[in-house]
Amino acid sequence: MNRIWKPNVTVAALMEREGRFLLVEEETAEGLRFNQPAGHLDEGESLIEACTREALEETAHAFTPTALVGVYQWPRPQGDITYLRFAFAGEVGARDAARPLDTGILRAVWMTVEEIEACQDRHRSPLVLQCIRDYLAGRRYPLELIHHYG
């Protein structure tokens, strides 16, 4: 029987304030890693809804996507999974101090670009820094590029 290949669709929030980016430190099979607040698209959910939800679950901050920064296709070196990531820029809202972070997330931390570059060996994937570089290069595409039917 032939296996049907499908990429894993994910979303990521580029949450920036005054030159700092909000990353999460999370438990992975490879140890503790830094990532943008990110996660999988759930059934029936739009990409924008998924990004808003994941940002809140992983950082306890409200997030409203305002632009698409890029779409990234990344096959893991292990060859078992290919991720198709939609990364969004947006408005960062208030933090809900009473809200617990998602399981596996140790903390949400504001970091400068220099701090992020200095810990590349602890990034969840090369997409972490690439998304930030694209954001800093001014890449912003209108959300109208994305059509959700449902």
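The values are calculated or read from the model by the stated rules, or taken from the named source; none is laboratory data. Here the structure is a predicted model, which is why all the values come from computation and not from measurement. Here the Cβ positions follow ideal geometry from the backbone for every residue, glycine too, while neighbour counts run over all protein chains shown.
Before moving on, here are some points about what is shown:
- Entry remark, the stretch 1-43: residues being modelled with pLDDT of 95 or more, of a type in the set (S, T, N, Q) and assigned to a strand (DSSP E or B) number 3 in total.
- The requirement of being at pLDDT 95 or above, surrounded by 14 or more Cβ atoms within 10 Å (Cβ to Cβ) and not hydrophobic (A, V, I, L, M, F, W, C) is fulfilled somewhere in the stretch 98-109, by at least one residue.
- Every residue from the stretch 44-66 that is assigned to a loop (DSSP other than H, G, I, E, B), in contact (Cβ under 8 Å) with a residue 12 or more places away in the chain and farther than 17 Å from Gly104 by Cβ: Gly44, Ser46
- Qualifying positions in the stretch 112-132 - exposed (fewer than 14 other Cβ atoms within 10 Å of the Cβ) and either part of a helix (DSSP H, G or I) or among the charged types (D, E, K, R) (or both): Glu114, Glu117, Ala118, Gln120, Asp121
- Whether a residue is without any contact (Cβ under 8 Å) to a residue 60 or more places away in the chain, at negative phi and surrounded by 19 or more Cβ atoms within 10 Å (Cβ to Cβ) was assessed, and Thr10 does not pass this test.
- Residue within the stretch 34-43 that is surrounded by fewer than 18 Cβ atoms within 10 Å (Cβ to Cβ) and touching a residue at least 40 places away in the same chain (Cβ under 8 Å) present: no
- The stretch 13-30: number of residues that are surrounded by 14 or more Cβ atoms within 10 Å (Cβ to Cβ) and of a type outside the set (Asp, Glu): 8
- Breaking point among (1) under 16 Å from Val128 (Cα atoms); (2) touching a helix residue (DSSP H, G or I) at 6+ places or on another chain (Cβ under 9 Å); (3) surrounded by fewer than 20 Cβ atoms within 10 Å (Cβ to Cβ), for Leu84: (2)
- Test: residue in the stretch 80-95 that is assigned to a loop (DSSP other than H, G, I, E, B), within 16 Å of Val11 (Cβ to Cβ) and among the charged types (D, E, K, R): no
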